[in-house]
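**Student:** Have a look at this one before I ask anything.
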Amino acid sequence: MGNRDALRLPVVALGAEHLVMGHLMCRNVLTYKAPPNTEGYDLICIHPTQPSRVVRIQVKSRYQTDCDRAFPVNEKSFGKFDYLIVVFMNIGNFYAKIGQGGGRRVPEFFTLPREFIEQHHYRPKSGFQKLRTRGLDLALYRDDLGFERIANDLGIPYPARHGSTMN
């Protein structure tokens with residue numbers, strides 16, 4: 001399937017950004033969409049009481065459950081984000097034979113620090129630069145564990161009633 005034949009789902013891609021925003025906000029991280037076409041990042045996170053602390057996030061998404069678990073990322077953007085969150089939306093199988101649907105699953109989030117992206121970045125002699133996640137141990141970056149990294153960088157304690165010892 002050539003790139004010009006690729007299925008584009010802008011609503012699903014925008015949904016990935018909003019899902020990330022919602023998860024971070026549930027963790028008490030103020031999260032805002034960057035202005036459209038801001039180069040290198042999509043979301044801005046700040047501490048709710050110390051707005052001078054900022055974390056910039058680039059969001060990448062893949063809608064296919066049966067994708068190769070890789071996503072494009074250009075080394076020119078490395079200095080422009082602090083974290084890259086890849087969202088595997090898992091809305092269904094798209095590479096199976098026509099008529100063989102299925103594959104719908106809960107979205108998966110991986111909050112990858114810029115240093116991790118730089119270390120595992122793949123730059124072929126020709127073609128798109130990317131990060132291949134298949135075969136990498138991403139357990140420490142998955143879902144809430146990844147979101148917690150951003151909250152910790154901003155110095156945001158887990159929301160709790162004063163005096164509570166709940167985790």
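The values are calculated or read from the model by the stated rules, or taken from the named source; none is laboratory data. For clarity, every value in this text was computed on a predicted model and none was experimentally measured. Because the Cβ atoms are built from the backbone with ideal geometry, glycine has one as well, and the counts that use them run over all protein chains shown.
**Student:** Only one of these is in contact with a helix residue (DSSP H, G or I) (Cβ under 9 Å, 6 or more places away or on another chain), at pLDDT 95 or above, among the β-branched types (Val, Ile, Thr) and within 20 Å of Phe128 (Cβ to Cβ): Val20, Val59. Name it.
**Tutor:** On the way: Val20 fails: within 20 Å of Phe128 (Cβ to Cβ).
Answer to the check: Val59.
**Student:** Still on this structure: Those residues that are at pLDDT 95 or above, of a type in the set (Ser, Thr, Tyr) and in a strand (DSSP E or B), I need them from region 97-147; list them, please.
**Tutor:** Thr111
**Student:** Something else now. Within region 45-73, take every residue that is charged (D, E, K, R) and under 14 Å from Ala13 (Cα atoms) and give me the one that is surrounded by the fewest Cβ atoms within 10 Å (Cβ to Cβ).
**Tutor:** Only one residue fits best here, namely Lys60.
**Student:** Loosely packed, with under 14 Cβ neighbours inside 10 Å, touching a residue at least 24 places away in the same chain (Cβ under 8 Å), among the aromatic types (Phe, Trp, Tyr) and out of contact with any Phe, Trp or Tyr (no Cβ under 7 Å at 6 or more places or on another chain): which single residue out of Tyr95, Tyr83 fits that description?
**Tutor:** Just a single option satisfies the conditions, and that option is Tyr95.
**Student:** I need the full set of residues from region 148-167 which are at pLDDT 90 or above and of a type in the set (Gly, Ala, Ser), in order please.
**Tutor:** Ala151, Gly155
**Student:** Can we say Ser77 is among the small types (Gly, Ala, Ser) and under 15 Å from the mean Cα position of the chain (by Cα)? Walk me through it before giving the result.
**Tutor:** Details: among the small types (Gly, Ala, Ser): yes; under 15 Å from the mean Cα position of the chain (by Cα): yes.
Yes.
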